[in-house]
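*Asks:* Please see the structure below; I have some questions.
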Amino acid sequence: MKKDLYILGIETSCDETAASVVKNGTEIVSNVVASQIKSQKRFGGVVPEIASRHHVEQITLVIEEALQIAKLQPKDLDAVAVTEGPGLVGALLIGINAAKAFAFANQLPIVGVHHIAGHIYANQLIQPMEFPMLALIVSGGHTELVLMKEHGLFELIGETRDDAAGEAYDKVARVLGLSYPGGPEIDRLATESDGEVEFPRAWLEPESYDFSFSGLKSSVINYKHNLEQRGEHVNPHHVAAGFQASVVDVLTTKTVRAAQEFNVKQVIAAGGVAANKQLRTSLEAKFKELNIPFYVPPISLCTDNAAMIAAAGSSMFESGIRGTLSMNGRPGMELVSWNK
Amino acid sequence: MIWLGIDTANIPLSVAIVKDGEILIEENTSMAINHSLRAMPAIDEVFQKTGIAPSDINAIAVSEGPGSYTGVRIGVTIAKTLAWTLNKPLIGVSSLKALAANALYFNGLLCPIIDARRNNVYAGAYRFENGKLTAIIEDGHFSLGELIGKLKSFKYPVLFIGKDTSLHKDQLIDELADHAVFAPIQFNLPRASSLIHAAQQFEEKVDIHNFVPEYRRIAEAEANWLKAQEKGNDHG
Ligand SMILES: Nc1ncnc2c1ncn2[C@@H]1O[C@H](COP(=O)(O)OP(=O)(O)OP(=O)(O)O)[C@@H](O)[C@H]1O
Ligand SMILES: [Mg+2]
């Protein structure tokens, strides 16, 4: 019988300090997240220096809690997986150096994980991944369609050419005077709305799986500006609903087209924007029609967490990937396959 | 009694193991290489070379800043993680005090300096008397002029310590004349052995989970936010 694999995951790429223990890459044993959102709200966005300061305050506490909840000692672990990039470099460095020190002291191997590989592997904590698989990653920093033909093999088939979807949500929310983070606020207004403003869809070239959201953002700004110039009232509900309709339409249409072209067995959505109700409903409906299994992890696994890092780290560990004590933060890290 | 000392607060890196009052190994470098690339490998090396296991140590001393924000955080994160997981006491020492501890027996003021750009410095001033190192000017972030003003109010000669003093040497001599004395090169790098000595002699252990760097400066965004709050209060 194969021995169980226990991986400690650590994630500090942005504004959550997180640690988790995952068993066999699929089962969450503990999942601890210390969020800085209250502190960062003061600044209307994530301030890197503040993020780094909070990570140092929290890091050993969250690791300890993750081990305590798991009822495990360091010696019971097989490896430490940590987000190596992309993200805020000063923030990444806290998780990385804590991971290295912990691994060194306890003589454990260390694995450096790509944050987006983590978001994709969050899926594996819910049900087994089936290949070929299509992943739609929609977060604060990324909007990507990734095709996976097997574990650890990533093919980027589309990405944003300007703003990420979450970034667009946050910027439009600021234009509407909503509080940070704007995504959930716009989602709420859109859901409550009794009408919507018609905004354009950025389809780009007919074959392209790329995205673009900056034009949409400008349309919202212009729309608001024009109404205000004329002294007319701007209905934030209608604007939010129109903006969201455009985002959801483009994301759904391109994801569906890619799923069909590549004949995938499974589609998953991941990242903070995957928490969006309308996006979920729209994708669910379309894929139900097409009879393609579609999954979105629960919200706690969509936003930044360490369980997803441990899940991806488990697969990397089993493929023999090992990091070294000289691991550095890689803010612009590319998603590279570990199974070539 | 075995101590591990770690200083990554600024460009120099220093790691040492001191056993029963003797330096077994010390690695000092001062090259502009990211501490995340070098710090853990250097720590691994001092253990490997001495044959001491991490679990054999009895205490950890770390430079708590001030200095480069990222540099300080790397050392503090490593030290607090090691101390917590190995269940060993952790002692934080000011990066300035650790420099002062390089030159304890100077009869005057010990003034460690770390450059903070735009003619600002992190600095403090210490007196070594009766085996005690006492802060005469508390560690802080000063304009050079401000620091010189404070130093002038004491009658002592001042020994400037730290590799960054060379950046300000001319102005220090102009203002303090022969009261300004400059440490020889070997005193100018932070040394983990001095840090350990200072930790043993002058400091108490800290609460590991709650231990954070002494930045000696509020983050810019926070300063602006506080200013905005004050303004809001004035109006309202
Ligand atoms: N219900 C929602 N609808 C739309 N957007 C949302 C919703 N909930 C959260 N978001 C958005 O998700 C983003 C945060 O997601 P996440 O935490 O995955 O991103 P990140 O970790 O900052 O970025 P990355 O993972 O790319 O580095 C924010 O932009 C936020 O506004
Ligand atoms: Mg994320």
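*Asks:* Taking the condition of being surrounded by fewer than 24 Cβ atoms within 10 Å (Cβ to Cβ) and either within 14 Å of another protein chain (Cβ to nearest Cβ) or closer than 14 Å to A:Gly272 by Cα (or both), how many residues in region A:303-326 meet it?
*Replies:* The number of residues fulfilling the criteria is 4.
*Asks:* Any chance region A:1-17 includes a residue that's surrounded by fewer than 23 Cβ atoms within 10 Å (Cβ to Cβ), free of Cβ contacts under 8 Å to residues at least 60 places away in the same chain and over 19 Å from A:Ala311 (Cα atoms)?
*Replies:* Checked against the condition, which is being surrounded by fewer than 23 Cβ atoms within 10 Å (Cβ to Cβ), free of Cβ contacts under 8 Å to residues at least 60 places away in the same chain and over 19 Å from A:Ala311 (Cα atoms), region A:1-17 yields at least one hit.
*Asks:* Continuing with this model, one more query. Restricting to region B:34-84, what's the tally of residues that are within 15 Å of the chain's Cα centre (by Cα), of a type outside the set (Val, Ile, Thr) and either surrounded by 24 or more Cβ atoms within 10 Å (Cβ to Cβ) or not assigned by TED's automatic domain parsing to the domain that holds B:Ile196 (or both)?
*Replies:* Qualifying residue count for the region: 10.
*Asks:* State all residues of region A:66-81 that are closer than 15 Å to A:Thr12 by Cβ and in a helix (DSSP H, G or I); if no residue qualifies, say none.
*Replies:* Answer for region A:66-81, where residues must be closer than 15 Å to A:Thr12 by Cβ and in a helix (DSSP H, G or I): just A:Ala66.
*Asks:* Given the conditions (1) surrounded by fewer than 21 Cβ atoms within 10 Å (Cβ to Cβ); (2) touching a helix residue (DSSP H, G or I) at 6+ places or on another chain (Cβ under 8 Å); (3) more than 12 Å from chain A (Cβ to nearest Cβ); (4) at pLDDT 95 or above, which single one is not true for B:Ser194?
*Replies:* Exception for B:Ser194: condition (1).
*Asks:* With the requirement that a residue be within 7 Å of chain B (Cβ to nearest Cβ) and assigned to a helix (DSSP H, G or I), what does region A:96-111 give you?
*Replies:* Across region A:96-111, the qualifying residues are A:Ile96, A:Asn97, A:Ala98, A:Lys100, A:Ala101, A:Phe102, A:Phe104, A:Ala105.
*Asks:* For region A:272-285, state whether one or more residues are assigned to a loop (DSSP other than H, G, I, E, B) and either surrounded by fewer than 24 Cβ atoms within 10 Å (Cβ to Cβ) or among the small types (Gly, Ala, Ser) (or both).
*Replies:* Checking region A:272-285: not a single residue is assigned to a loop (DSSP other than H, G, I, E, B) and either surrounded by fewer than 24 Cβ atoms within 10 Å (Cβ to Cβ) or among the small types (Gly, Ala, Ser) (or both).
*Asks:* With respect to A:Phe243, determine if the residue is farther than 30 Å from A:Asp194 by Cα, assigned by TED's automatic domain parsing to the domain that holds A:Phe199, in contact (Cβ under 8 Å) with a residue 60 or more places away in the chain and among the hydrophobic types (A, V, I, L, M, F, W, C).
*Replies:* In short, no.
*Asks:* Kindly check whether there is at least one residue in region A:18-38 that is part of a helix (DSSP H, G or I), more than 9 Å from chain B (Cβ to nearest Cβ) and farther than 27 Å from A:Met333 by Cα.
*Replies:* Taking every residue of region A:18-38 in turn, at least one turns out to be part of a helix (DSSP H, G or I), more than 9 Å from chain B (Cβ to nearest Cβ) and farther than 27 Å from A:Met333 by Cα.
*Asks:* From the list A:Glu228, A:Glu207, pick out the single residue that is in a helix (DSSP H, G or I), surrounded by fewer than 17 Cβ atoms within 10 Å (Cβ to Cβ) and more than 14 Å from ligand 1 (Cβ to nearest atom).
*Replies:* The conditions single out A:Glu228.
*Asks:* In region B:85-190, which helices (runs of 4 or more DSSP H) lie fully inside it and hold 3 or more residues that are away from chain A (no Cβ under 14 Å) and under 17 Å from the mean Cα position of the chain (by Cα)?
*Replies:* Because the criterion is at least 3 residues that are away from chain A (no Cβ under 14 Å) and under 17 Å from the mean Cα position of the chain (by Cα), the helices (runs of 4 or more DSSP H) in region B:85-190 that meet it are B:95-100.
*Asks:* Related question: Could you tell me which of the residues A:Val239, A:Val248 is surrounded by 17 or more Cβ atoms within 10 Å (Cβ to Cβ), within 22 Å of the chain's Cα centre (by Cα) and not small (Gly, Ala, Ser)?
*Replies:* Result: A:Val248 is the single residue among A:Val239, A:Val248 that is surrounded by 17 or more Cβ atoms within 10 Å (Cβ to Cβ), within 22 Å of the chain's Cα centre (by Cα) and not small (Gly, Ala, Ser).
*Asks:* Say we look at region A:173-200 and pick out the residues that are loosely packed, with under 14 Cβ neighbours inside 10 Å and either closer than 13 Å to A:Val247 by Cα or within 16 Å of ligand 2 (Cβ to nearest atom) (or both); which of these is farthest from the other protein chains (Cβ to nearest Cβ)?
*Replies:* Within region A:173-200, the match that is farthest from the other protein chains (Cβ to nearest Cβ) is A:Glu198.
*Asks:* Pick from A:Glu49, A:Glu27: which is farther than 24 Å from A:Met316 by Cα and either in contact (Cβ under 8 Å) with a residue 40 or more places away in the chain or not aliphatic (A, V, I, L, M) (or both)?
*Replies:* A:Glu49 is the lone residue from the list that is farther than 24 Å from A:Met316 by Cα and either in contact (Cβ under 8 Å) with a residue 40 or more places away in the chain or not aliphatic (A, V, I, L, M) (or both).
*Asks:* Also, quick follow-up: Considering only residues that are of a type in the set (S, T, N, Q) and in a strand (DSSP E or B), which ones fall in region B:15-65?
*Replies:* B:Asn28, B:Thr29, B:Ser63
The values are calculated or read from the model by the stated rules, or taken from the named source; none is laboratory data. Nothing here was measured: the structure is a model prediction, and the numbers come from that model. Backbone-built Cβ (ideal geometry, glycine too); neighbour counts: all protein chains shown.
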